[in-house]
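Worksheet: the structure to be examined is printed underneath.
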Amino acid sequence: SRSDDFTVAMETVTAWAWGPLSFLTFLAFLRHHPTRYILQLLVSLGQLYGDVLYFATEARAGWSHSDPRPLYFWGYFVGLNGVWVLVPVALLADACRQLATAQRALDRPRHKAH
């Protein structure tokens with residue numbers, strides 16, 4: 001079916017792109033590599049995009065793959081899956097702050113020594 005094709009395509013991207021990119025981001029932070037916040041931004045944005053697609057697909061299906069009982073729906077489906085939204089949002093905001101700070105430092109006028 002269409003939704004199965006979507007899931008397979010999305011999980012293929014996750015396995016072959018976001019997984020290795022997440023590992024590279026981890027290594028970049030361990031080594032204090034200059035690209036670490038760029039990688040953090042990319043991985044966080046990719047995760048957030050996947051989350052939006054996940055929730056939007058389920059909403060369009062009328063939440064048919066989720067148990068309708070309130071505790072299960074709000075606690076498990078929304079609550080636990082929500083962590084996968086909140087963490088990337090926090091990391092995305094952190095990366096933006098770090099990159100903006102670095103750009104501000106580069107944009108400051110430099111005084112020539114005489």
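Values in this text are rule-based calculations from the coordinates and carry no lab data. As the structure is a prediction and not an experimental result, all values here were calculated from the model. All Cβ positions, even for glycine, are placed from backbone atoms using ideal geometry, and neighbour counts span all protein chains on display.
Looking at region 14-36, is at least one residue farther than 27 Å from residue 102 by Cα and among the hydroxyl-bearing types (Ser, Thr, Tyr)? Yes, region 14-36 has at least one match.
Evaluation of residue 38 against the conditions (1) touching a residue at least 60 places away in the same chain (Cβ under 8 Å); (2) over 19 Å from the mean Cα position of the chain (by Cα) shows that the sole unmet condition is (2).
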